[in-house]
1. Take region 243-267 and flag every residue that is farther than 19 Å from Arg323 by Cα and within 16 Å of the ligand (Cβ to nearest atom).
2. From the residues in region 1-22 that are farther than 19 Å from Gln195 by Cβ and part of a loop (DSSP other than H, G, I, E, B), which one is most open to solvent (accessible area, probe 1.4 Å)?
3. With (1) farther than 25 Å from Arg399 by Cβ; (2) assigned to a helix (DSSP H, G or I) as the list, and Ala213 as the residue in question, which single condition is left unmet?
4. Quick check on my filter: what residues within region 188-243 are among the basic types (Lys, Arg) and in contact with a strand residue (DSSP E or B) (Cβ under 8 Å, 6 or more places away or on another chain)?
5. From Ala245, Ala184, which residue is small (Gly, Ala, Ser), free of Cβ contacts under 8 Å to residues at least 60 places away in the same chain and crowded, with 16+ Cβ neighbours inside 10 Å?
6. Looking at (1) closer than 29 Å to Pro412 by Cβ; (2) modelled with pLDDT of 95 or more; (3) open to solvent by 10 Å² or more (accessible area, probe 1.4 Å); (4) within 16 Å of the ligand (Cβ to nearest atom), which is the only condition Ser232 fails?
7. So if I check each of Ser83, Ser169, Ser148, which one is modelled with pLDDT of 90 or more, open to solvent by less than 50 Å² (accessible area, probe 1.4 Å), farther than 25 Å from Pro233 by Cβ and touching a strand residue (DSSP E or B) at 6+ places or on another chain (Cβ under 9 Å)?
8. In region 185-208, how many are within 23 Å of Gly104 (Cβ to Cβ) and over 21 Å from the mean Cα position of the chain (by Cα)?
Amino acid sequence: MKRYHLTTFGCQMNEHDSERMKGMLDSLGYAEVERRDDADLILFNTCSIRESADNRFVGHLGEAKRLKAEDPERVVGVGGCWSQSVKEKVFERFPFVDVAFGPGQIPKLAEFLTSDSLTAQGYFEFESFPGHLPPKRARAFQGWVQISVGCNCVCSYCIVPSTRGREVSRPAGDLVAEVERLAADGVREVTLLGQNVNAYGRDLPRGSKVTFAELLGMVDAVEGVERLRYTSPHPKDMREDVVRAHAELSSLCEHIHLPLQSGSTRVLKAMRRTYDRGRYLDRVALIRELVPDCAITTDIIVGFPGETEAEFEETLEVVEEVRYDSAFTFVFSPRRGTEAADLPDQLSHPVKRERMERLVEAVQRRAHERSQRFVGRTVEVLVEGPSRTDASRLRGRTRHNKAVNFEGAAEPGELTLVDVASATSQTLAGVQHAGRTLAAA
Ligand code: SF4
């Protein structure tokens, strides 16, 4: 039996694609191994969001080169966004690579592996969804469903549109059928995936158009789905019907990730984010009105080219006003092949670092204040397993996507109730609610 080792870099979309790749390889009779040294097929699913991601991956590729030199029968394959961004140059730069493919070409890997081809092959068309490939899920009770590929936005710092192509939505019927299969297979929590999920359905043919809010309703109606999440939405498409769905659909969790990127309307324009500060805060106000207890998280970039001290202050003002439950914060790094990489007024690293420190302080302080609202409450937790910090405790997540470490007895995949005793900015701590555990999911 041939053995494979797969290293995944980057976002949830890549994690999802890797689950499909593993499911496909298992169905071809390959077996997954823990150590790269033991593999006959060495695979990488790459990210290209930042230059640093490229450099980290190339470091790993060096080891594959050594292993291939030891045993030339080994096959080395490179998939994902970095592969798509450099295409055929993969083979020029790394002649020991046998097969390279973009995110839209995962099935071609099977074609290559089952062909007698000895020459290196590259597959880079934006063709298909891996949706029909059997997923090998990391967790039995959680499943990802990719609802669209690509992105029609042109954010000036982002490489994704060139590595994942234009937005293409999957037919709603296929998605509901996939969720039904997952639920029948024991999945309790479903996360809908897309570069821009809330733009879903616009490209579907007349007569089968379904809006994102309607799709949420269709998935919510599937028997067995206890929790429904989605990532990543765009503020410009965060319509009232989507926010209202969070108030009305029982499985749709009280958590909305709403990437801000910057609090300055001039910087947002230079980023080509197509919304301004006012529109963004208007969406936040709508969420606070329709789903008062909703957790709001975000993405913020500091140090975008030309960002002045005053414009950075505007970002801090939004953080103070919105009071996020948490935020992913990034120092701007120019990504070759993007418009922003060639913009004038690139800021120095010390300036970016100093702003990042102030931003993290504000985000953490507000997140800590926000998480205190859970202290003294009994929250529903989807159990994931032992706590990472204390093996005598369990770990899970609330519907607000807050991590919880607690004392109690429950199995991974179980929905249980926890009395919250304390809260940090990121994690809640507590004890299982006496005598009341929801039926094992
Ligand atoms: S919305 Fe913007 S940042 Fe997000 S994937 Fe599309 S282009 Fe990139």
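The values are calculated or read from the model by the stated rules, or taken from the named source; none is laboratory data. In this text the structure is predicted, and so the values were computed from the model without any measurement. Cβ placement follows ideal geometry from the backbone for every residue including glycine, while neighbour counts extend to all protein chains displayed. Accessible surface areas use protein heavy atoms only, side chains included; no ligands, DNA or RNA. Shrake-Rupley method; radii C 1.70, N 1.55, O 1.52, S 1.80 Å.
1. Of everything in region 243-267, just one residue is farther than 19 Å from Arg323 by Cα and within 16 Å of the ligand (Cβ to nearest atom), namely Val267.
2. Ranking the qualifying residues of region 1-22, first place goes to Met1.
3. All conditions are met except number (1).
4. Within region 188-243, Arg188, Arg202, Arg227, Arg229 meet the criteria.
5. Selected residue: Ala245, the only one of Ala245, Ala184 that is small (Gly, Ala, Ser), free of Cβ contacts under 8 Å to residues at least 60 places away in the same chain and crowded, with 16+ Cβ neighbours inside 10 Å.
6. It fails just one condition, (2).
7. None of the others qualify; the one that does is Ser83.
8. Number satisfying all stated conditions: 5.
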